[in-house]
1. Does at least one position in region 76-86 carry a residue that is on the phi > 0 side of the Ramachandran plot and touching a residue at least 24 places away in the same chain (Cβ under 8 Å)?
2. Would region 104-111 turn up any residue that is within 17 Å of VAL21 (Cβ to Cβ), surrounded by fewer than 17 Cβ atoms within 10 Å (Cβ to Cβ) and touching a residue at least 12 places away in the same chain (Cβ under 8 Å)?
3. Scan VAL536, VAL554, VAL568 and give me the residue that is assigned to a helix (DSSP H, G or I) and touching a residue at least 40 places away in the same chain (Cβ under 8 Å).
4. Restricting to region 83-98, what's the tally of residues that are among the charged types (D, E, K, R) and surrounded by fewer than 17 Cβ atoms within 10 Å (Cβ to Cβ)?
5. Output the residue which, of all residues in region 196-227 that are of a type in the set (A, V, I, L, M, F, W, C) and under 23 Å from the mean Cα position of the chain (by Cα), is surrounded by the fewest Cβ atoms within 10 Å (Cβ to Cβ).
6. How about region 567-581: which of its residues are at pLDDT 95 or above and either aliphatic (A, V, I, L, M) or on the phi > 0 side of the Ramachandran plot (or both)?
7. Kindly check whether there is at least one residue in region 533-542 that is within 27 Å of the chain's Cα centre (by Cα) and among the basic types (Lys, Arg).
8. Only one of GLU482, GLU491, GLU498 is acidic (Asp, Glu), in contact with a helix residue (DSSP H, G or I) (Cβ under 6 Å, 6 or more places away or on another chain) and at pLDDT 95 or above; which?
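The values are calculated or read from the model by the stated rules, or taken from the named source; none is laboratory data. The structure displayed is predicted, hence computed values, not measured ones. Neighbour counts run over all protein chains shown; Cβ positions are idealised from the backbone, glycine included.
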Amino acid sequence: MRCQRHRGPDESGTWTGGEVVFGFNRLSMIDLEHSHQPLPWGPPETPQRYTLLFNGEIYNYLELRAELTERHGARFVTDGDSETIVAAYHYWGEAAVTRLRGMFAFLIWDTQKQTLFGARDPFGIKPLFYAAGPGGVAFSSEKKSILELAPLLGIKQELDRRSLQHYLTLQYVPEPASLHTAVHRIESGTCFTLVPGEEPVTKRYWQPRFSPTPVRGPADAEALYGRIADVLSDSVRMHMRADVTVGSFLSGGIDSTAIAALAREHNPDLVTFTTGFERQGYSEVDVAAESAAAIGVKHVVRTVSAREMMDALPLIVWYLDDPVADPALVPLWFIAREARKHVKVVLSGEGADELFGGYTIYREPLSLAPFERVPGSLRKFMGRVSAKIPEGTRGKDLLRRGSLSLEDRYYGNARIFRDDQLRGVLRTFDPGTGHRDITAPHYRESVSWDPVTRMQHVDLFTWLRGDILVKADKMTMANSLELRVPFLDPEVFRVAAEVPLEEKITKETTKFALRQAMRRIVPAHVLNRRKLGFPVPIRLWLKDEMYEWARDIVMASQTDALIDKNAVMRLLEEHKAGTLDHSRRIWALLVFMLWHGIFIERRITPVVPEPHYPVKI
């Protein structure tokens with residue numbers, strides 16, 4: 001509990017019952033004076049039958065409470081959302097999970113049946129780690145707490161080399177693995193039952209299914225835009241439920257601007273937050289400020305320097321548990337820290353790209369369409385030609401990707417090291433390990449869909465839950481700030497799943513239907529602005545301000561058995577000389593080396609600040 005006090009500094013509680021011990025750190029949002037955890041609940045005849053641990057928010061708890069009371073006579077002693085989960089489980093069993101509209105990871109111990117039931121939300125917004133050994137089974141919101149229990153559990157703290165290879169390819173460790181062999185994650189959209197001494201029985205209760213529906217004329221199109229606007233407005237309304245102040249992150253893009261504009265309708269005093277850098281061309285601060293003025297909200301800006309990023313990175317890696325080589329998580333940590341001075345909850349726009357087709361790379365099937373008509377043997381020949389073209393030559397990667405099938409070329413938004421590049425850096429490179437290990441099941445599930453929808457489906461299970469939601473949860477909760485994501489709502493997904501290809505991707509833009517749906521509320525200067533992906537100036541900084549810092553991390557790292565330092569230094573020197581842009585590959589290696597220094601070598605011990613904030617509500 002001490003390891004993750006930042007996730008809940010408001011109060012702590014413990015409970016023990018026989019073979020079970022529960023501990024909880026609370027960040028109170030609803031029913032502040034009650035709803036303490038671990039939370040006991042039961043029907044009138046056995047009022048202490050269940051004990052609950054729950055991280056997250058159930059946004060439709062008021063509606064569920066009313067239904068449970070009316071149909072089953074359920075009794076509640078608090079005004080919060082936590083009791084709703086246990087009551088729903090008691091009366092509806094496992095099916096209760098499908099009724100929850102929110103973000104959650106929870107455990108329920110049934111003292112009568114001596115079983116543990118747990119679940120994680122459909123998209124994987126909230127994390128849940130676990131490990132099992134001779135000494136028992138442990139679950140936690142953060143891996144570092146389980147590592148503290150390793151001696152008690154009887155598990156080894158060994159690095160998973162297969163997961164390391166996936167990390168250097170994808171820039172994150174894909175679920176359900178972690179970078180420690182003994183620690184795993186409960187997957188998004190799954191629930192499980194565990195009887196002490198037996199293996200857990202896991203079940204996938206939510207399987208996203210895209211079902212694009214043709215739009216036949218302007219009337220159909222307007223009806224679609226109307227459904228998108230209505231369901232998103234309703235989702236924001238539900239996500240605003242809290243007994244504390246709710247703010248909103250605001251960048252220069254349509255996603256966060258739409259969320260902030262809709263939130264402003266429910267809270268005229270809404271405060272928005274954005275971050276930028278001390279580098280021209282790498283900041284959306286001006287656009288975000290213009291948007292804030294247009295929708296009429298108070299706006300707070302936090303600018304981040306290269307020095308601040310370097311100083312903060314070891315602590316940020318400690319908060320992460322597993323390395324994520326997304327540079328955008330560093331400024332996110334800073335703006336979350338700033339926002340927590342003003343509010344306790346923020347809304348954000350994560351998930352819009354995966355649901356509505358927003359990534360620029362989703363347009364790739366359009367540009368590569370001519371290659372699909374080329375005979376297979378000729379495409380293979382093109383791939384061999386591409387391999388002989390020098391790195392950095394214009395057209396090399398287009399030729400290479402055009403020679404590959406969708407399943408071979410697309411494995412998410414970030415592609416850090418290709419196999420041919422990784423062989424020279426990773427000493428433990430295994431040619432039998434590759435991205436298809438992760439993506440193949442999702443491609444099989446989507447074999448009859450169009451290429452763009454298949455890419456979205458793959459991203460829901462890989463990029464979204466491996467990178468986007470990990471950095472969102474870890475960086476905000478590191479600052480005891482709760483982040484809510486209205487796009488990632490089952491009702492929003494139901495509408496987004498029907499959007500046909502031509503309403504997602506056009507020759508001019510992405511997320512076409514979403515842009516049309518939001519045209520009445522999003523300022524014109526944002527509505528059709530191209531996606532920037534929150535650029536961080538590491539390409540420039542690693543040549544200048546960050547060069548010596550990066551070099552020192554490489555030289556001090558004790559990862560020689562895993563990483564060829566000479567190869568890493570060659571990447572750094574080539575990058576500094578401007579020969580090739582290796583910035584993302586270098587950053588991935590630096591983050592791993594810091595992680596290794598903290599969790600394996602125990603050489604680096606970041607100073608973790610005590611949670612303390614001037615604003616409590």
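1. No, because not a single residue in region 76-86 is on the phi > 0 side of the Ramachandran plot and touching a residue at least 24 places away in the same chain (Cβ under 8 Å).
2. yes
3. From the options VAL536, VAL554, VAL568, the qualifying one is VAL568.
4. Residues in region 83-98 being among the charged types (D, E, K, R) and surrounded by fewer than 17 Cβ atoms within 10 Å (Cβ to Cβ): 1 in total.
5. Among them, the one singled out is TRP206.
6. Scanning region 567-581 gives ALA567, VAL568, MET569, LEU571, LEU572, ALA577.
7. The answer is yes; a qualifying residue exists.
8. GLU491
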